Amino acid sequence: MNEYDAFAVEAKWQKRWAKAKIYEANVDQSRKKFLVSFPIVYLNGKIHVGHGYTSMKVDVYARYKRMQGYNVFFAQGWHATGQPIQGVAERVKKGDPVQIRILKQSGVPESEMKKFTDPLHISNYYKILAKKTFTKFGMSIDWRREFVTTTLCPPFSRFIEWQYETLRKLGYVKKGTHPVVWCSHCQSPTGDHDRLKGEGVSPVEFILLKFPFEDGYLVPATLRPETIFGVTNMWINPDGDYVEAEVDGEKWFVSEPTVLKLEDQLHKVKVIRKFKGLELIGKTCHAPIREVDIKILPATFVEVDHTTGVVMSVPSHAPFDYVALRDLWTKPEMLTKYGLPGDFAADIQLISMIKTEGLGEHPAKDIIEKMGIQTQNDPKTEEATQEIYKKEFHSGVMRENCGKYAGIKVSEIKEHLIKDLKAQKISSSMWETASPVICRCQTKNHIKILKDQWFITYGNEKWKQRARNHLAKKMTIYPPEARQSFEYTIDWLQDKACARKSGLGTPLPWDPEWIVETLSDSTIYMAFYTIARIVNEHNLTPEQLPNELFDYIFRNKATLEEAQKKSGLDMALIKEMKEEFEYFYPPDYRASAKELIFNHLTFYIFQHLAVFPKGHYPLEIEANGMIQVEGDKMSKSAGNTISLDEIVQRFGADASRFGLAYCGEGYTDASFRYADVEAAKKRMSMIFHELTKGKFSDEEQQIDRWILSKLQTRIADTANHYQNQRTRSAISSGFFDILNDLKWYEARSGAIRGPGYRTALLTLVDLMTPIIPHFAEEINEKVRKAKTFACHRPFPKPNKRLINKKLEEEERLIRNVRDDIEGIFNAIKKRQKKALEKIEIFIAPKWMYKVLSIRRQKPDNLIAKIMQEETIRKAGNAAAKYAQKLMKNPGYDSTLSQRAELAAITDALEYYKREFKAKEVVVMLASKSDHAKARAAEPGRPGIALTFM
Ligand SMILES: [Zn+2]
């Protein structure tokens, strides 16, 4: 069965599609349009399986919509903004052996290496590869609308200039002073896409508390200043580097890495001396508010490069503190090695200061014991911390030992308390990343308060409100549970730096020292796609794309005449651009990985609302999980990513698409398995063989009507799955369920394959066309002998007239009886190893069907009700027993009548004979037999007796 050569078939159809230009979307006012988009792909490496997973979803939906008759617009552009491409070029220039090895391993030939010192060359190199990969993968892209971000593509750069001048004019871009994630090596804010680690991490404000110590202050940082009422001691890392420094005129004791952070956060800092943490161990400091002296103790969980490297200990409520304290209680050597008495911490008692329903007096102690956490560095401690924090924040109340705050909810105390602490001059604040951020240049980042930097005002409450409204009223989010993440992101979004000083990009037109960063020039480019065909075909220059032209096309803010005058372009051409934009916009659907909800996908909504007029805002977004290949998580830090090209070359496009579509859906992470891909390949080959070589009869049997009936459900289910981005479920219903139906058909019909069989196979191909389009074209040509493309066939619609529930129920009965016979046969055969002589099948007595029908009317007292029926009463005890059985199993029902059951089983006698190689198979009414098995018969569950030779 090797007549189906996937590689040859795929190459053939890709050529024909291109020749017929079937994916080129042009304005056609007689048809409804549908604009889908996949994020512009970063040109610093090959397209990997992760891209393949999301882009496949976009393509499948595009193809599904095309089959529904939409004029689908699917363009693709490329991303070059920021540090990554320039970083590669710089490292190659320096001869960095790690970078060169990574490039070689990914297939860059030695001869290219010299040219890889030029970012333009790198981006071109990967663009050509990526385009080839997408084409081979069978993506239905209109390639006339390509562009690259940054000044590598001057017309696009012009579009970004216009976008930012517009945003600034509207007050959405402002100069301001804000905390940003900062790379001290790059001397620049580090956008999410410029990070090796810590994508989505933003600045968090910690409260610094000043604990009097010697002639200055020991300064711990906390997100929970209210816990100061429960402080019992201070933690210092004895091996850490600390300093005594003058900070804004006071003397502070903090870790050494704190100095740079404080300086970058507008504090005046002068280091007096450096020392090891060990020096502080065993001393005491004064706890403000509680007004007692507390001990300074050693703890290894304290990290000197996180906040100030000084931690106040609240062991009743903070799991880390409890574990560290328990260590000192139980392991005296942890104290004696610093020259302290072994019982130095023995007098410390937990202080409970928050009361929370569902939590005990000392929640940290309870959870540590419950989770079985043994050491200070157990990662589960973080989980425990979050759990307690959430519960206490939402339902905790301050206890009596909290002075004037007693009785106040934890969620309401913070603001007051911080104000009070500030008034008493015992607090300050400091920004820190919630978790570590590493720049692509490998430097660990910190927070800098940047003065006079350009920000997008995502924190603007009015703008947020518009985003919330649009999201709630107009947008469909797939899967639905992703909506919450959008709402959360809108709530928490703050003003965001939109430019950086290094890397590739478009300079801000009014302040060209600054370059628009990667997440800021990728928000509304889908609008550029609509005019990109004309820009590319006419080689338009930036001078021909003045603000007035964009204002006219995209915002109705300039007249056609102004646009014409400033651009010097033909009126007709300008009108054509406007028509393309007005016809294809708004963007209907966009898909990306779920991580991008927290930045890109939400910015996409915000900026559309800011720039474009009403009616041009995004409508559907899908956010999908990450993908694992054979259990390995794909990671950005080069090494274990698998290129899409590798998979397509190995299995062909359709099988790869099938594997990717089948490996996952929704929010959970997907798991791609080669076995699925191999199986898909085999089955396609088999289907091709059956449809091209198989013999089909024209005579319609009952089983044909059955499979046509089942098929209507399969069609409806599959359409519903496609519409809701559930590709895996679409394959289950439109492929595997139909194959299983066909298996049953074959078993029932023997060698005969009737018209229903062929229709089911062809419908399966139709339903799978969005996923395996090349295969569908081949079948369309070779089997249907069609002259048009399968991609343009209408998506099947269920035909209600073909649905026959009774027939389906009858087949289900036949199948259940078959399974029962097999069960008994296997159990006995193992013992006796004999051939089957006779199968007797007993259909239940009529009164039982009556009991079922009475139960369907839901009487208050079933037994009383049935006993009113003479025919049932006659059955006596058996009737009561059956009724009791039904009452225990309220979900069970069987709707076939006795007569229908008898007819169905009679029809299947030949089948059972064949299936079990039995000499004789008979069916009779249980009432006409004395056989013990006859008494076991029930509606939907005939009695069965087997006789062996
Ligand atoms: Zn850096």
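The values are calculated or read from the model by the stated rules, or taken from the named source; none is laboratory data. Bear in mind the structure is a predicted one, so any value in this text is a computation, not a measurement. For neighbour counting, all protein chains shown are included, and Cβ atoms are generated from backbone atoms with ideal geometry for every residue, glycine included.
Only one of the numbered conditions (1) buried (at least 23 other Cβ atoms within 10 Å of the Cβ); (2) farther than 21 Å from A527 by Cα is violated by T81, and that is (2).
The lone criterion from (1) in contact with a Phe, Trp or Tyr (Cβ under 7 Å, 6 or more places away or on another chain); (2) under 30 Å from L260 (Cα atoms); (3) away from the ligand (no atom under 16 Å from the Cβ) left unmet by A482 is number (2).
Go through segment 837-933 and tell me which helices (runs of 4 or more DSSP H), entirely inside it, have 3 or more residues that are in contact (Cβ under 8 Å) with a residue 24 or more places away in the chain and under 27 Å from E811 (Cβ atoms).
Values: elements: 846-856, 862-866, 870-873, 877-888, 898-916.
Filter on segment 837-933 gives 846-856, 898-916.
Inclusion of E291 among residues that are in the same structural domain as T258 (by TED's automatic domain parsing), free of Cβ contacts under 8 Å to residues at least 60 places away in the same chain and within 21 Å of L417 (Cβ to Cβ) is warranted. Scanning segment 755-773 for residues that are buried (at least 20 other Cβ atoms within 10 Å of the Cβ) and more than 29 Å from V58 (Cα to Cα) yields G756, Y757. Scanning segment 63-97 for residues being away from the ligand (no atom under 16 Å from the Cβ), closer than 27 Å to E646 by Cα and not hydroxyl-bearing (S, T, Y) gives a total of 10.
Scanning segment 919-949 for residues that are crowded, with 19+ Cβ neighbours inside 10 Å and at pLDDT below 90 turns up nothing.
A Cβ distance below 6 Å, combined with a sequence gap of six or more or placement on separate chains, defines the contacts here; from segment 24-52, residues that are among the hydroxyl-bearing types (S, T, Y) reach residues that are assigned to a strand (DSSP E or B) in the pairs S37/R590; Y42/H79.
Annotation: L417 fulfils all but one of (1) surrounded by fewer than 18 Cβ atoms within 10 Å (Cβ to Cβ); (2) touching an Asp or Glu at 6+ places or on another chain (Cβ under 9 Å); (3) over 30 Å from T190 (Cβ atoms); the unmet one is (1). Here I426 fulfils each of the conditions (1) under 33 Å from the mean Cα position of the chain (by Cα); (2) surrounded by 12 or more Cβ atoms within 10 Å (Cβ to Cβ); (3) among the aliphatic types (A, V, I, L, M); (4) more than 16 Å from the ligand (Cβ to nearest atom) apart from (1). Counted as qualifying within segment 644-718 are the helices (runs of 4 or more DSSP H) with 2 or more residues that are touching a Ser or Thr at 6+ places or on another chain (Cβ under 8 Å) and of a type outside the set (D, E), namely 644-651, 653-662. Within segment 442-463, the set of residues being part of a loop (DSSP other than H, G, I, E, B) and either surrounded by 22 or more Cβ atoms within 10 Å (Cβ to Cβ) or more than 14 Å from the ligand (Cβ to nearest atom) (or both) comprises N445, T457, Y458, G459, N460. Is it the case that E244 is over 25 Å from D420 (Cα atoms), in a strand (DSSP E or B) and not aromatic (F, W, Y)? Against the criterion (over 25 Å from D420 (Cα atoms), in a strand (DSSP E or B) and not aromatic (F, W, Y)), E244 qualifies. A Cβ distance below 6 Å, combined with a sequence gap of six or more or placement on separate chains, defines the contacts here; from segment 273-285, residues that are closer than 10 Å to I236 by Cα reach residues that are loosely packed, with under 15 Cβ neighbours inside 10 Å and of a type outside the set (D, E) in the pairs I281/Y338.
Condition test on Y42, is it of a type in the set (F, W, Y) and surrounded by 24 or more Cβ atoms within 10 Å (Cβ to Cβ)? In short, no. Taking the condition in the same structural domain as D420 (by TED's automatic domain parsing), farther than 13 Å from V323 by Cα and surrounded by fewer than 18 Cβ atoms within 10 Å (Cβ to Cβ), does S395 pass? Yes: the conditions hold for S395. Answer yes or no as to whether R144 is among the charged types (D, E, K, R), farther than 22 Å from G82 by Cβ and assigned to a helix (DSSP H, G or I). In short, yes. Of the residues S709, S656, S643, S697, the single one that is in the same structural domain as P798 (by TED's automatic domain parsing) and either at pLDDT 95 or above or buried (at least 19 other Cβ atoms within 10 Å of the Cβ) (or both) is S709. Can you name every residue in segment 247-258 that is touching a strand residue (DSSP E or B) at 6+ places or on another chain (Cβ under 6 Å) and surrounded by fewer than 20 Cβ atoms within 10 Å (Cβ to Cβ)? K251, E256 - these are the residues of segment 247-258 that are touching a strand residue (DSSP E or B) at 6+ places or on another chain (Cβ under 6 Å) and surrounded by fewer than 20 Cβ atoms within 10 Å (Cβ to Cβ). Looking across segment 150-204, just one residue is β-branched (V, I, T), more than 16 Å from the ligand (Cβ to nearest atom), under 30 Å from the mean Cα position of the chain (by Cα) and surrounded by fewer than 22 Cβ atoms within 10 Å (Cβ to Cβ), and that is V204.
Looking only at segment 69-77, decide whether some residue is crowded, with 22+ Cβ neighbours inside 10 Å and polar (S, T, N, Q). Scanning segment 69-77, I find at least one residue that is crowded, with 22+ Cβ neighbours inside 10 Å and polar (S, T, N, Q), so the answer is yes. Applying the condition of being under 21 Å from T222 (Cα atoms) and among the hydroxyl-bearing types (S, T, Y) to segment 346-392 and asking which residue is surrounded by the most Cβ atoms within 10 Å (Cβ to Cβ) yields T381.
Screening K390 against (1) modelled with pLDDT of 90 or more; (2) away from the ligand (no atom under 16 Å from the Cβ) leaves a single unmet condition, (1). Contact annotation: residue pairs with Cβ atoms under 7 Å, 6 or more positions apart or on different chains, pairing a residue in segment 677-690 that is assigned by TED's automatic domain parsing to the domain that holds T769 with a partner that is part of a helix (DSSP H, G or I) and among the acidic types (D, E), are M684/D654. For segment 444-466, residues that are among the aromatic types (F, W, Y) and either farther than 19 Å from L519 by Cα or touching a Cys at 6+ places or on another chain (Cβ under 7 Å) (or both) total 2. Of the helices (runs of 4 or more DSSP H) that lie entirely inside segment 321-432, those containing 2 or more residues that are in contact (Cβ under 8 Å) with a residue 40 or more places away in the chain span 363-371, 380-395, 410-423.
The single condition from (1) within 26 Å of M684 (Cβ to Cβ); (2) out of contact with any helix residue (DSSP H, G or I) (no Cβ under 8 Å at 6 or more places or on another chain) that G87 fails is (1).
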